[in-house]
Amino acid sequence: MAIHNAGVLHGMVAMNVVRVENLHKEYQLGQQQVQALKNISLTVRAGEFLAIAGPSGSGKSTLLNIIGCIDTPSSGRLWIDDEDVSGRGPDQLADLRARSIGFIFQTFNLLPVLSATENVEYPLRHFKELDKAARRGRVAHYLEVVGLAAYAHHRPNQLSGGQRQRVAIARALATQPRMVLADEPTANLDHKTGEGILALMKEINRGAGTTFIFSTHDPKVIALADRVVEISDGELLA
Ligand code: ADP
Ligand code: MG
């Protein structure tokens, strides 16, 4: 199936989709300061299929949220597509985020009252260049990519866990982002279903060149990554 090409083969686009340098994140929890990330430096190249592996509480979600511009670091620098976005707040980054980054979450985060079609269409509603017909065409395409064309009118509670995560993948792809961030995308799925989700992500990575960064603590999922960076207690292990 033809999937859009995210541009890795074109010379004009940035080679590094993400770069972080000396990233720190502290949370204030009452009187206590939590060092969630300590001096993280990482470069992710266009087209990578990268796992961030670490136990619960090691900082995976914090790192993905900062890379995805939905949270900001306490210090350090961040580049998205070679653009220095350090110091810009989530509001200033809304447009870049909407167009460059797709998210997949552990708990799918679908809107329960919307159908599969409407969920996938949701992030496209601010794309003024797409009229309704173009939006619906794009949604139908990505539902087909994830194998859910026949479930377009189903609501999340009428779908299995694996099917819900496929809707979430279609939603992440619908904006045709250069990178997809997936925070423990298989954690709420049985092993076989989780493997299918990983295989689908890899197929899209290979077919369209979309960069995937996913977090996990499951050794079987880690084994499917092209590159693994390990995080422990907020630090990347060399
Ligand atoms: P992981 O995703 O690997 O389980 P997290 O990034 O969620 O880890 O958390 C890393 C550390 O930061 C943990 O000690 C966690 O308790 C803490 N933390 C995460 N979010 C917050 C928050 N909003 N406020 C305070 N502490 C937080
Ligand atoms: Mg987490």
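The table below lists the values:
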item	result
Degrees separating the helix 161-174 axis from the principal Cα axis of the chain, which is the longest one	80
Among 52, 197, 70, residue whose mean-square fluctuation peaks in a GNM of the chain (springs only between Cα atoms under 10 Å)	70
Using alpha-carbon coordinates, inclination of helix 132-145 to the longest axis of the chain, degrees	80
Assigned charges on the beta-carbon of Lys, Arg, Asp, Glu; the chain dipole about Cα centre (debye)	600
Three-way shape call for region 190-238 based on the alpha-carbon gyration tensor, with the a/c threshold at 1.5	oblate
Cα-based reach from residue 192 at 20 Å (exclusive), listing lysines while leaving out same-chain residues under 8 positions away	202, 220
Solvent exposure of region 51-152 as accessible area per residue, Å², 1.4 Å probe	46
Highest to lowest packing among 123-131, 108-116, scored as the average C-beta count within 10 Å	108-116, 123-131
Value at 222 nm in deg cm²/dmol, rounded to 500, when DSSP H runs of n ≥ 4 in the chain each add -39,500 (n - 2.57)	-9000 deg cm²/dmol
Share of carbon and sulfur in the accessible heavy-atom surface of the chain [1.4 Å probe, %]	50
Over the chain, equivalent-ellipsoid semi-axes from the Cα gyration tensor in Å	28, 20, 18
GNM flexibility winner over the chain from 137, 57, 30 (Cα, springs under 10 Å)	30
Relative contact order computed over the chain (Cα-Cα under 8 Å; 6+ residues apart), in percent	31
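The values are calculated or read from the model by the stated rules, or taken from the named source; none is laboratory data. Computed from a predicted model, the values in this text were never measured in an experiment. Every residue, glycine among them, receives a Cβ derived from its backbone with ideal geometry; neighbour counts consider all protein chains shown. Surface accessibility is based on the protein's heavy atoms, side chains included, excluding ligands, DNA and RNA. Shrake-Rupley method; radii C 1.70, N 1.55, O 1.52, S 1.80 Å.
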